[in-house]
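Enquirer: Could you have a look at this structure, given as structure tokens, before my questions?
What follows draws every value from the coordinates through simple rules; no lab data is involved. All values reported here derive from a predicted model rather than from experimental measurement. Cβ sites come from the backbone with ideal geometry, for glycine too, and all protein chains shown count toward neighbours.
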Amino acid sequence: MRLRVLMADDHAMVRQGLKALLEQEGFEVVAEAEDGREAVRLAQDLALDIAILDISMPSLNGLDAAKEILRASPRVGVILLTVHAADHQVVSALRAGIKGYVLKTHAAEELVRAIHEVSRGGTYLSPRVSRVVIDAYLSKSELPPDPLSPRERQVLQLVAEGKTTKEIAAQLDLTTKTAESYRAKIMEKLDIHDTAGLVRYAIRQGLIQP
């Protein structure tokens, strides 16, 4: 029985290229998504074995989308694709139960190996990602806890993407007043009091690309 795979990336050409590769290797790509929110919805509707998510996607980034998918379907093997192996992202992903972390520059070579390993219950990290994890362990660096709740992270990403309060409320199915309240709480927690500062923080956290 072929493994059922979801592919999520906001670049259509990347999705098409990886889909062709995976189908050639005998996997069944049952759905594609162009943002993290769509990926979560599809994962809830479909019986998946593997979800492959680009970490930098609009609306909801791959890391937060992965966390939502795993909360609803813990048995799905999640693999993140990324351009940069930042230590805080890698460690956060592993703590969240994500089993694969593949650099986009080596995706064609490593993705098939990652799917096989993750489908067997193992973990696959690109060599450069493994080095980041080892360095973090050897330096005994402990990541500070995220001050924001999952919903606040979602609101922050949308603020950093330039969405208005009304647009954020509509996208997250909130009232405008609630969306404004989330924004105020985020600013208070982070001690950041302008939109430009929130954008810079979102970039440092990998929620959006500069």
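Enquirer: Output needed for the chain: three equivalent-ellipsoid semi-axes, defined as square roots of 5 times the C-alpha gyration tensor eigenvalues, in descending order, whole Å.
Expert: In descending order the semi-axes read 29, 21, 14 Å.
Enquirer: Separate question: Among all the lysines, which ones have a C-alpha under 16 Å from Lys99's C-alpha, if same-chain residues fewer than 8 places away are not counted?
Expert: Output for Lys99: Lys67.
Enquirer: Taking the beta-carbon count within 10 Å as an exposure proxy, list Met1, Met187, Met57 from fewest neighbours to most.
Expert: In order of increasing Cβ crowding within 10 Å: Met1, Met187, Met57.
Enquirer: May I ask for the distance between the Cα centers of region 86-138 and region 150-210, given as a whole number of Å?
Expert: Between the Cα centre of region 86-138 and that of region 150-210, the gap is 28 Å.
Enquirer: Another one. Looking at this model, which pairs from Lys19/Lys177; Lys163/Lys189; Lys19/Lys189; Lys104/Lys166 are more than 30 angstrom apart at the alpha-carbon?
Expert: Cα-Cα > 30 Å for Lys19/Lys177; Lys19/Lys189; Lys104/Lys166; rest within.
Enquirer: Which of the trypsin sites (Lys or Arg not before Pro) across region 1-107 are loop residues per DSSP, with 13 or fewer other Cβ within 10 Å?
Expert: Of the trypsin sites (Lys or Arg not before Pro), the ones in loops of region 1-107 whose Cβ has at most 13 other Cβ atoms within 10 Å are Arg2, Arg75.
Enquirer: Show log10 I(q)/I(0) for region 150-204 at q = 0.15, 0.22 Å⁻¹, two decimals, from a solvent-free Debye sum over equal Cα scatterers.
Expert: -0.34, -0.74
Enquirer: Give me the percent relative contact order of region 4-138, please, defined on Cα pairs under 8 angstrom at least 6 residues apart.
Expert: Once normalised by length, the contact order is 20 percent.
Enquirer: Between the DSSP loop rule and a limit of at most 14 other Cβ atoms within 10 Å, which GluC sites (Glu not before Pro) in region 1-98 are left?
Expert: Answer in residue order: Glu25.
Enquirer: So if R0 is 22 Å, what FRET efficiency would Val14 and Arg71 give, r being the distance between their Cβ atoms, rounded to the nearest 0.05?
Expert: Taking R0 as 22 Å, the efficiency between Val14 and Arg71 is 0.25.
Enquirer: What distance in nm separates the simple spin-label points at Ser149 and Ala96, each placed 7 Å from Cα in the Cβ direction?
Expert: 1.8 nm
Enquirer: Considering only Met187, Ile208, Ala39, whose Cα is most displaced toward the positive end of the charge dipole of the chain, charges sitting on Cβ of Lys, Arg (+1) and Asp, Glu (-1)?
Expert: Checked the options; the winner is Met187.
Enquirer: Using 0.36 nm times the number of residues separating Thr178 and Thr123, minus their current alpha carbon distance, what extension gain do you get?
Expert: Difference between extended and current length: 15.9 nm.
Enquirer: If you don't mind, there's one more thing I want to ask. Residue by residue through region 42-49, what is 3J(HN,Hα) from phi via Karplus (6.51 cos²θ - 1.76 cosθ + 1.60, θ = phi - 60°)? Round to whole Hz and write x for glycine and proline.
Expert: Residue by residue, region 42-49 yields 5, 5, 6, 8, 10, 8, 10, 9 Hz.
Enquirer: Report the charge-dipole magnitude of the chain in Debye, nearest 20, computed about the Cα centre from +1 at each Lys and Arg Cβ and -1 at each Asp and Glu Cβ.
Expert: 420 debye
Enquirer: Please pull out the direction-averaged projected area of region 43-100, using the convex hull of its alpha-carbon atoms, in nm² to one decimal place.
Expert: Mean shadow area of the hull around the Cα atoms is 3.8 nm².
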